[in-house]
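The values are calculated or read from the model by the stated rules, or taken from the named source; none is laboratory data. What you are looking at is a predicted structure, and each value in this text was computed from that prediction instead of being measured. So basically every Cβ, Gly included, is an ideal-geometry build from the backbone, and we count neighbours across all protein chains shown.
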Amino acid sequence: MEKTLAALYGEDNLSKAKFRYKGLIDGLETKGREENASVRLFSVPGRTELGGNHTDHNHGKVLAASIQLDAAAAVVKRGDNKVFFRSTGHKDVEVDLSTLSIKKEEYGTTHALIRGIAAEMTAQGTPLGGFNANCDNQVLSGSGLSSSAAIEVLIAKIFDALYCGGKRSSLELAKIGQKAENIYFNKPCGLMDQCTCATGGTIAIDFSNKEKPLIKNIKQNLDDDYTLCILATGSSHANLTSDYAEIPKEMKAVAEYFGKSVLREVDEKLFFSKITELRKSTGERALLRAIHFFNENRRVDAMLSNLKNQNIEDYLSLVNESGDSSWQLLQNVYSAKQANEQSLALAIALTKNFLKNDGACRVHGGGFAGTIQAYIPRAKLDSYKKLMENIYGKGSLTVLKIRSVGAIEIK
């Protein structure tokens with residue numbers, strides 16, 4: 001186990017990791033524990049999107065990576081059909097698996113995710129039982145690092161390990177988590193977050209076939225010259241649900257004009273030939289978002305090529321292009337309904353002014369509020385940290401490290 005912990009967290013953090021997991025074991029609920037059941041340990045990383053902003057829901061291409069921040073849990077089998085889920089900083093959750101139907105009163109809760117994941121696995125023919133889990137989720141909430149996807153994959157991994165011998169692939173675990181979020185949690189989402197958390201490392205995903213997305217692992221050495229960071233601006237995602245929902249809705253409205261369900265199925269040349277008619281049918285913002293989609297798909301291919309060939313400067317130029325496209329075409333840097341609140345736009349402007357064309361930055365995750373992503377030259381990191389934390393507060397800047405391992409049972 002010590003070797004695995006060192007690989008996940010680094011030799012320098014081994015003692016800290018051991019202390020963390022000991023605390024999780026000590027905090028396990030004993031009630032309902034199956035006689036002689038052993039304690040088992042699990043870890044699922046968060047993720048950062050590197051390219052392909054808002055493309056997965058229209059079957060586009062993305063570039064993403066798992067990170068060192070993770071959701072970890074100590075788990076023990078129960079002798080009954082209940083799940084007891086404890087998580088640091090949250091109220092304990094208990095779910096009776098004898099009922100697996102959708103409960104509207106559970107929308108947006110961990111109860112819904114546990115019930116939804118159990119329902120999908122049961123539908124797939126896996127007879128499930130209960131467990132007690134004590135979790136510590138260090139994936140920053142509201143940061144675009146997919147803390148919720150990490151929890152979904154964690155729950156799926158636990159069920160699979162306890163009751164199916166850990167046979168499911170990372171893609172299968174990701175799909176189960178996504179389905180639970182879509183149907184039981186009642187939140188529309190693509191598959192990128194869960195897929196990256198489950199798979200691990202830097203990956204390129206092509207969602208052209210949503211049932212069998214093409215996933216490629218990539219070797220990269222970004223850490224050599226640049227530090228990948230996210231900056232939390234302190235802005236809230238509250239009241240932005242409609243803004244997020246409008247992006248896939250408008251993209252799909254363009255696709256529907258051509259008798260297609262998603263933009264990936266639309267011929268780009270045909271799209272541009274019908275701009276006059278589309279302006280009247282879908283509105284102009286939908287067209288701008290569609291143009292972003294087409295360009296971003298090509299950009300992901302170019303980013304992938306540059307990473308493979310270690311053309312870091314060209315890669316960073318494309319990161320900046322992606323950020324500019326998200327700002328100008330996708331329009332998810334601030335909400336048009338709250339135009340006086342432009343925390344992400346300001347953070348990007350300040351970062352660009354600091355970098356002077358050396359490095360890159362872009363909106364991170366869903367956008368509208370929350371965080372930006374920045375590639376800072378190592379020699380400038382301390383200065384950038386001081387500048388931004390003077391503005392956004394101590395601890396607002398988080399350095400990310402790419403983790404090579406996805407969802408794992410630690411043995």
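Details
- Pairs with Cβ under 7 Å, 6+ apart, first in the range 286-300 and more than 17 Å from A204 (Cβ to Cβ) and assigned to a helix (DSSP H, G or I), second of a type in the set (K, R) and modelled with pLDDT of 95 or more: L287/R279
- Residue satisfying condition, being touching a strand residue (DSSP E or B) at 6+ places or on another chain (Cβ under 9 Å), of a type outside the set (S, T, Y), on the phi < 0 side of the Ramachandran plot and surrounded by fewer than 21 Cβ atoms within 10 Å (Cβ to Cβ), within set A161, A150: A161
- As for the range 254-268, it holds no residue that is modelled with pLDDT under 95, buried (at least 16 other Cβ atoms within 10 Å of the Cβ) and either assigned by TED's automatic domain parsing to the domain that holds H54 or assigned to a helix (DSSP H, G or I) (or both).
- A369 crowded, with 18+ Cβ neighbours inside 10 Å, at pLDDT below 95 and of a type in the set (G, A, S): yes
- Any strands (runs of 3 or more DSSP E) falling wholly within the range 48-103 and containing at least 2 residues that are touching a Pro at 6+ places or on another chain (Cβ under 6 Å) and in the same structural domain as G27 (by TED's automatic domain parsing): 61-77
- Given (1) buried (at least 22 other Cβ atoms within 10 Å of the Cβ); (2) of a type in the set (G, A, S); (3) modelled with pLDDT under 95, number of the condition G142 does not satisfy: (1)
- Filter result (in contact with a helix residue (DSSP H, G or I) (Cβ under 8 Å, 6 or more places away or on another chain) and of a type in the set (D, E)) within the range 2-51: E2, E49
- Candidate set from the range 301-313 (those that are assigned to a helix (DSSP H, G or I) and in contact (Cβ under 8 Å) with a residue 12 or more places away in the chain); member that is farthest from K269 (Cα to Cα): I312
- Considering K385, K352, K401, K411, the condition of being more than 18 Å from E49 (Cβ to Cβ) and at pLDDT below 95 is satisfied by K411 alone.
- All positions within the range 328-354 that are hydrophobic (A, V, I, L, M, F, W, C) and either touching a strand residue (DSSP E or B) at 6+ places or on another chain (Cβ under 7 Å) or surrounded by fewer than 18 Cβ atoms within 10 Å (Cβ to Cβ) (or both): V333, A336, A339, L344, A345, L346, A347, I348, A349, F354
- Residue match in the range 384-401 (condition: outside any helix (DSSP H, G or I), of a type in the set (K, R) and more than 30 Å from A339 (Cβ to Cβ)): yes
- A count restricted to the range 346-361 and to residues that are in contact (Cβ under 8 Å) with a residue 40 or more places away in the chain, assigned to a helix (DSSP H, G or I) and in contact with a Leu (Cβ under 9 Å, 6 or more places away or on another chain) stands at 3.
Listed here are the residues, each with its yes/no results for (1) within 23 Å of the chain's Cα centre (by Cα); (2) modelled with pLDDT under 95; (3) surrounded by fewer than 17 Cβ atoms within 10 Å (Cβ to Cβ); (4) part of a helix (DSSP H, G or I).
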| residue | (1), (2), (3), (4) |
| --- | --- |
| T4 | no, yes, yes, yes |
| A7 | yes, yes, yes, yes |
| N13 | no, yes, yes, yes |
| F19 | no, no, yes, yes |
| K22 | no, no, yes, yes |
| T30 | no, yes, yes, no |
| E35 | no, yes, yes, no |
| L41 | yes, no, no, no |
| V44 | yes, no, no, no |
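- Restricted to the range 115-139, and to residues there that are without any contact (Cβ under 8 Å) to a residue 60 or more places away in the chain and assigned to a helix (DSSP H, G or I), the residue that is surrounded by the fewest Cβ atoms within 10 Å (Cβ to Cβ) is A123.
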